[in-house]
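A short write-up of the structure that comes next.
The values are calculated or read from the model by the stated rules, or taken from the named source; none is laboratory data. The model shown is predicted, which means the values in this text are computed figures rather than measured ones. Glycine gets a Cβ as well: all are built from the backbone with ideal geometry, and neighbour counts include every protein chain shown.
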Amino acid sequence: MSVEQGGAQLREARRDDAAELLRLIRELARYEKAEDQVETGETQLAATLFDDGATAHAIVAEQEGRLVGMAIYFFNYSTWQGRNGLYLEDLFVEPTCRGAGLGKALLARLAAIAVQQGCGRFEWSVLDWNTPAIEFYQSLGAEPQSEWIRYRLDGDALNTLARTASF
């Protein structure tokens, strides 16, 4: 399904979008001052988004044959609700296309997917210094979840803990 918004078409991403998605991911990482942390390549990105059994998905904004925005998401689970949730991993709209409603349209499309799939919540994280994003999210009615502290295991710490598994 494709929908017009702010001069762009919103649609589900396709395998042939992998190179452009990677470009947008790198632009987002550059904005977040973490470009050196992007490890994926086009082949891996295509496999994890589009191969059979892929658990991550993407909606894109396309303008004149070029991707100008993306929302990459996956489903998680709440034991307390006994329902799936939708988690937004990355949202990005090129700076020259901001202000036309594309970010809101991408989030609204994800909210619609969450409702259609019976999800109990729609969540994401934002860097604490990203005031424009925080203000944008709050303008939509989103509320920060400050009582939770996010933790991460990766690299050596992840591998070290994995080696202790008994089954």
TODO: Name the residue, out of A100, A61, that is small (G, A, S), in contact with a strand residue (DSSP E or B) (Cβ under 9 Å, 6 or more places away or on another chain) and farther than 16 Å from L28 by Cβ.
DONE: A100
TODO: Any residue in segment 43-55 that's closer than 12 Å to R14 by Cβ: show its pairings with residues that are assigned to a loop (DSSP other than H, G, I, E, B) at Cβ separation under 7 Å, as long as the two are six or more apart or on different chains.
DONE: L49/A13
Task: Cβ pairs under 7 Å, 6+ apart, first in segment 69-86 and closer than 17 Å to K104 by Cβ, second of a type in the set (S, T, Y) and assigned to a strand (DSSP E or B) - done: Y73/Y87; L86/Y73
Task: Conditions (1) free of Cβ contacts under 8 Å to residues at least 60 places away in the same chain; (2) in a loop (DSSP other than H, G, I, E, B); (3) surrounded by 15 or more Cβ atoms within 10 Å (Cβ to Cβ): number failed by A100 - done: (1)
Open item on the list: Considering only residues that are among the charged types (D, E, K, R) and modelled with pLDDT under 95, which ones fall in segment 1-26?
Closed with: E4
TODO: Considering each residue of segment 115-154, count those that are of a type in the set (F, W, Y) and part of a loop (DSSP other than H, G, I, E, B), and give that number.
DONE: 3
TODO: Tally the residues that are acidic (D, E) and at pLDDT below 95, restricting the search to segment 48-76.
DONE: 1
Task: Odd one out for N159, checked against (1) more than 16 Å from the chain's Cα centre (by Cα); (2) surrounded by 13 or more Cβ atoms within 10 Å (Cβ to Cβ); (3) not hydroxyl-bearing (S, T, Y) - done: (2)
- [ ] Could you pull out the residue among A105, A157 that is of a type in the set (G, A, S), closer than 20 Å to L24 by Cα, at pLDDT 95 or above and not in a loop (DSSP other than H, G, I, E, B)?
- [x] A105
Open item on the list: Yes or no: segment 34-47 includes at least one residue that is among the charged types (D, E, K, R), closer than 27 Å to V115 by Cβ, modelled with pLDDT of 95 or more and not in a strand (DSSP E or B).
Closed with: no
TODO: Kindly provide the set of residues from segment 5-37 that are of a type in the set (A, V, I, L, M, F, W, C) and over 23 Å from T131 (Cα atoms), ordered by number.
DONE: A8, L10, A13, A18, A19, L21, L22
Open item on the list: Pairs please, first residue from segment 12-27 and more than 22 Å from I113 (Cα to Cα), second anywhere and of a type in the set (K, R) and surrounded by fewer than 18 Cβ atoms within 10 Å (Cβ to Cβ), Cβ atoms under 9 Å, 6+ apart in sequence or on different chains.
Closed with: E20/R66
Open item on the list: What's the number of the only condition in (1) surrounded by 10 or more Cβ atoms within 10 Å (Cβ to Cβ); (2) of a type in the set (G, A, S); (3) within 18 Å of Y87 (Cβ to Cβ) that A105 fails to meet?
Closed with: (3)
